[in-house]
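Chemist: First, the structure itself, so that you have it in front of you.
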């Protein structure tokens, strides 16, 4: 999904820039459109590659974080209950102070 969005974004950006550059330099319509379409497809492909690389990096990072969390709680299965008890105690302490 990230790859398609980045490819589409870069392709449209390249198309727009090439169209504006062709109009400013007063090239013919055929030349401007052919260059713009070529830039669209070229930058779409570049965006797909960059987006795929970003997707791989993000998935790898998320997987490492998830593995770390599972390892931490596998070592001490009571740590979840302890954390909830501490949170409950802190909430109760705050309520006593407010009253």
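The values are calculated or read from the model by the stated rules, or taken from the named source; none is laboratory data. A quick note: this is a predicted structure, and the numbers were derived from the prediction, not measured. Cβ coordinates were reconstructed from backbone atoms using ideal geometry, including for glycine residues, and neighbour counts include every protein chain displayed.
Chemist: Going by the structure shown, is residue 13 in a helix (DSSP H, G or I), surrounded by 13 or more Cβ atoms within 10 Å (Cβ to Cβ) and within 18 Å of the chain's Cα centre (by Cα)?
Modeler: no
Chemist: Here are some residues: 3, 39. Which one is modelled with pLDDT of 95 or more, at negative phi, assigned to a helix (DSSP H, G or I) and crowded, with 17+ Cβ neighbours inside 10 Å?
Modeler: 39
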